[in-house]
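**Q** Pasting a structure below so you can have a look.
The values are calculated or read from the model by the stated rules, or taken from the named source; none is laboratory data. Since this is a predicted model, take the numbers as computed values, not measurements. Virtual Cβ from ideal backbone geometry, glycine too; neighbours counted across all protein chains shown.
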Amino acid sequence: MAWVKMFKKPGGGLKKSYQPGSMLSLALTKGLLNEPGQNSCFLNSAVQVLWQLDIFRRSLRQLSGHFCLGCCIEKRVLPSDSLRNALAETFKDEQRFQLGLMDDAAECFENILERIHLHIVSDTVTDACSSKSCITHQKFAMMLYEQFVCRCCGASSDPHPFTEFVHYVSTTALCQQVDRMSGKSERLRSDMFGELLQAANNTGDLRSCPSDCGQSIKIRRVLMNCPEIVTIGFVWDAEQSDLTDDVIRSLGPRLNLCGLFNRVTDENAKRSELHLVGMICFASKHYSAFAYHTKSSKWMFFDDATVKEVRPSAVKALFFPPKVRYLLLCVTSSCATLSLSQIGSKWKDVASKCIRGHFQPLLLFYTNPEGSPVSNEDAPRQTTMCPRYKAQVNGDVTGKRMFYLLLA
């Protein structure tokens with residue numbers, strides 16, 4: 001695709017994609033249909049956030065073998081029927097993600113990642129994937145091992161290795177850790193979010209010493225690789241919770257992997273700082289999503305067919321009293337680099353909208369701004385057109401805008 005090649009730099013990272021106003025990001029802010037009775041909001045929110053992740057989108061474009069929907073991307077609002085039908089067919093034996101029924105967006109997201117792995121690698125052993133072209137494992141997977149080590153007698157358990165794509169944390173435990181820090185008069189900094197999540201994950205997770213010395217010890221989780229996309233999942237005790245506002249206020253726009261886990265062995269992971277660029281929320285039995293749109297340097301709100309920019313108007317009235325607004329107006333009239341319209345690019349605008357709308361965060365997406373697309377050296381080469389749209393694409397698809405389906 002010539003229009004993509006102009007912006008792709010072989011072997012290059014994504015650092016420039018995160019600069020304000022960058023033209024390297026060509027994310028398509030299209031809505032996804034959810035007709036009455038379809039209940040596809042859980043799927044639409046997962047797809048929207050995935051497609052807005054620069055690393056994921058560019059990795060997908062690296063692959064020459066894929067299932068393709070051609071010209072339908074030119075429409076302002078797209079149907080997600082093909083994805084929904086594929087999910088329903090794949091999980092019909094488990095009776096999950098069936099047509100017309102609401103389901104869980106977090107589980108949908110994890111299953112999409114698994115289907116992408118199976119489509120690219122065709123290997124059912126997901127924990128042992130070593131393919132350099134597998135987006136799921138090269139970009140999303142966290143390779144961990146758990147172990148118990150007694151500080152009293154030195155005994156340790158055998159390490160238990162595993163792979164996870166979503167790091168789940170209890171919202172109740174998270175708020176308890178926030179209260180604990182507040183009780184100690186500690187200032188909650190934005191760069192401490194990883195430490196908060198780790199402390200919440202270890203809350204109450206005590207085991208007996210492997211040598212039965214009588215001590216109760218905590219489990220240690222060690223990260224062995226350097227994921228470029230880290231997904232944090234929240235476990236809520238109820239659909240409607242009094243903790244919603246507290247959870248939103250505790251969210252950090254940056255995430256350090258050394259804080260999230262007890263130990264990190266990869267040198268690159270020790271130095272990496274991930275940026276919050278996406279979130280799936282739940283409110284009033286409905287899923288929606290927020291994603292940072294790199295091209296416009298703005299946070300976008302996705303609610304099925306509706307795509308909106310997160311506006312700063314209510315935030316200005318909330319955070320700036322009249323005298324301060326007047327002062328800012330005077331400054332902006334003489335300094336073009338300071339503009340109130342740019343407040344909409346801040347994470348606090350998203351947090352304010354979530355608090356006003358009582359949105360419960362379900363999944364957070366953090367990405368490495370230095371990230372790069374996957375290698376395609378061992379990727380499938382064959383391209384298969386989806387039958388429904390095959391007639392719309394007349395052989396030469398270079399220059400056409402493409403959207404890839406990897407669930408078939």
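**Q** Only residues that are in contact with a strand residue (DSSP E or B) (Cβ under 7 Å, 6 or more places away or on another chain), farther than 19 Å from Tyr287 by Cβ and touching a residue at least 40 places away in the same chain (Cβ under 8 Å): list them for segment 83-139, please.
**A** Lys139
**Q** If you don't mind, another one. Considering each residue of segment 213-234, count those that are among the aliphatic types (A, V, I, L, M) and within 19 Å of Leu276 (Cβ to Cβ), and give that number.
**A** Within segment 213-234, residues that are among the aliphatic types (A, V, I, L, M) and within 19 Å of Leu276 (Cβ to Cβ) number 4.
**Q** Could you look through segment 181-209, keep only residues that are charged (D, E, K, R) and free of Cβ contacts under 8 Å to residues at least 12 places away in the same chain, and pick out the one that is nearest to Phe234 (Cα to Cα)?
**A** Only one residue tops the list, namely Arg189.
**Q** For segment 251-271: of the residues being of a type in the set (Gly, Ala, Ser) and in contact with a strand residue (DSSP E or B) (Cβ under 8 Å, 6 or more places away or on another chain), which is nearest to Ile229 (Cα to Cα)?
**A** Ala269
**Q** Go through the residues of segment 155-170 one by one and say whether even a single one is aliphatic (A, V, I, L, M) and modelled with pLDDT under 85.
**A** yes
**Q** Taking segment 363-392 as the search range and keeping residues that are among the aliphatic types (A, V, I, L, M) and touching a helix residue (DSSP H, G or I) at 6+ places or on another chain (Cβ under 6 Å), which one is modelled with the lowest pLDDT?
**A** Per the stated criteria, the residue is Val374.
**Q** Among the residues of segment 237-246, are any part of a loop (DSSP other than H, G, I, E, B), out of contact with any Pro (no Cβ under 6 Å at 6 or more places or on another chain), buried (at least 18 other Cβ atoms within 10 Å of the Cβ) and on the phi < 0 side of the Ramachandran plot?
**A** Among the residues of segment 237-246, at least one is part of a loop (DSSP other than H, G, I, E, B), out of contact with any Pro (no Cβ under 6 Å at 6 or more places or on another chain), buried (at least 18 other Cβ atoms within 10 Å of the Cβ) and on the phi < 0 side of the Ramachandran plot, which makes the answer yes.
**Q** Please give the number of the condition Ile280 fails out of (1) in contact with a Leu (Cβ under 6 Å, 6 or more places away or on another chain); (2) surrounded by fewer than 24 Cβ atoms within 10 Å (Cβ to Cβ); (3) of a type outside the set (D, E, K, R).
**A** Tallying (1) in contact with a Leu (Cβ under 6 Å, 6 or more places away or on another chain); (2) surrounded by fewer than 24 Cβ atoms within 10 Å (Cβ to Cβ); (3) of a type outside the set (D, E, K, R), Ile280 fails exactly one: (2).
**Q** For residues in segment 38-62 being out of contact with any helix residue (DSSP H, G or I) (no Cβ under 7 Å at 6 or more places or on another chain) and in a loop (DSSP other than H, G, I, E, B), which is modelled with the lowest pLDDT?
**A** Looking at residues that are out of contact with any helix residue (DSSP H, G or I) (no Cβ under 7 Å at 6 or more places or on another chain) and in a loop (DSSP other than H, G, I, E, B), I get Gln38.
**Q** Further, regarding this structure: Filter segment 153-194 down to the residues that are in contact with a Gly (Cβ under 9 Å, 6 or more places away or on another chain), among the aliphatic types (A, V, I, L, M) and part of a helix (DSSP H, G or I) and list them by number.
**A** Selection gives Ala173, Met192.
**Q** Which of (1) surrounded by 15 or more Cβ atoms within 10 Å (Cβ to Cβ); (2) of a type outside the set (S, T, N, Q); (3) out of contact with any His (no Cβ under 8 Å at 6 or more places or on another chain) does Cys134 not meet, given it meets every other one?
**A** Only one criterion in (1) surrounded by 15 or more Cβ atoms within 10 Å (Cβ to Cβ); (2) of a type outside the set (S, T, N, Q); (3) out of contact with any His (no Cβ under 8 Å at 6 or more places or on another chain) is unmet by Cys134, namely (3).
**Q** Given the conditions (1) surrounded by 18 or more Cβ atoms within 10 Å (Cβ to Cβ); (2) assigned to a loop (DSSP other than H, G, I, E, B), report the number of the one that Gly233 does not fulfil.
**A** (2)
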